[in-house]
There are 2 protein chains.
Amino acid sequence: MIVSRMSASGLASDLPEPPYYAVIFSSLRTAGEQGYGAMAERMVELARAQPGFLGVESVRDAAGLGITVSYWRDEESIAAWKRHAEHLVAQARGKRVWYEAYELRVARVERALGKRAAAP
Amino acid sequence: MIVSRMSASGLASDLPEPPYYAVIFSSLRTAGEQGYGAMAERMVELARAQPGFLGVESVRDAAGLGITVSYWRDEESIAAWKRHAEHLVAQARGKRVWYEAYELRVARVERALGKRAAAP
């Protein structure tokens with residue numbers, strides 16, 4: 001069963017207490033769609049189904065600059081997701097076709113706080 | 001002297017080798033400008049001038065969902081920036097006026113890799 005962990009707000013606001021891990025992926029898209037949207041959607045769907053997945057936040061602006069932060073229980077979960085066959089194909093295509101440039105950082109979340117929207 | 005650490009691409013691509021720290025701030029804006037743009041610009045300008053500041057990446061989409069990741073040399077730099085008088089005013093106003101909801105996470109970056117855009 002896949003339980004969605006992105007709230008309606010787009011913020012990952014129901015994560016467990018730290019420590020956990022974040023993969024910070026900031027990127028600049030190349031021009032043209034080239035199948036990007038469908039792949040991006042599929043990768044989020046697939047990531048949600050992986051063991052250790054905690055949540056994801058993703059924003060891209062009109063200029064093609066994007067930041068996606070995915071949250072994971074531990075480093076093993078991140079390593080397994082990195083090696084996932086379908087994800088490996090997307091990674092290779094991303095490097096070659098979809099991204100002009102990107103930065104990927106793996107970080108250990110040590111503290112978290114937030115303001116939650118009032119329930120509608 | 002303030003040295004800009006955001007490249008033309010909007011990616012923080014010239015950071016030192018990890019470990020260093022990331023402050024991941026994801027937020028959902030309230031409706032209306034209410035002085036937000038000027039404050040956001042001023043805060044980035046001010047952050048750049050702080051000891052230990054390494055870089056920043058910031059994206060907000062048309063729906064008002066935004067992610068800003070700022071990078072810092074160590075936890076002390078983050079703590080000092082959090083206590084900065086002008087920043088304290090902005091934090092209070094953000095909580096009260098500008099943000100419907102937000103999540104703030106402090107994380108220790110352990111690994112980084114990237115693809116750099118070809119020089120123009």
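The values are calculated or read from the model by the stated rules, or taken from the named source; none is laboratory data. Remember, predicted model here, so these are calculated numbers, not experimental data. Quick reminder, even Gly has a Cβ in these numbers, built from the backbone with ideal geometry, and neighbours come from all protein chains shown. Side chains included, ligands, DNA and RNA excluded: accessible areas come from the protein's heavy atoms. Shrake-Rupley method; radii C 1.70, N 1.55, O 1.52, S 1.80 Å.
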For this session: Taking only segment B:14-66 into account, find how many residues are facing chain A (nearest Cβ under 10 Å), within 13 Å of the chain's Cα centre (by Cα) and charged (D, E, K, R).
Result: 2
Exercise. Could we say that B:TYR71 is out of contact with any Cys (no Cβ under 7 Å at 6 or more places or on another chain), of a type in the set (Ser, Thr, Tyr) and farther than 17 Å from B:MET39 by Cα here?
Worked result: yes
Exercise. Is it fair to say B:ALA112 is of a type outside the set (Phe, Trp, Tyr), more than 13 Å from the chain's Cα centre (by Cα), open to solvent by 30 Å² or more (accessible area, probe 1.4 Å) and farther than 24 Å from A:SER27 by Cα?
Worked result: no
For this session: For segment A:80-93, name all the residues that are more than 14 Å from the chain's Cα centre (by Cα) and under 20 Å from B:ARG111 (Cα atoms).
Result: A:ALA80, A:ARG83, A:HIS84, A:LEU88, A:ALA92
Exercise. Quick check: is even one residue across segment B:95-108 in contact (Cβ under 8 Å) with a residue 60 or more places away in the chain and more than 8 Å from every other protein chain (Cβ to nearest Cβ)?
Worked result: yes
Exercise. Being modelled with pLDDT of 95 or more and within 9 Å of another protein chain (Cβ to nearest Cβ), is that true of even one residue in segment B:81-92?
Worked result: no
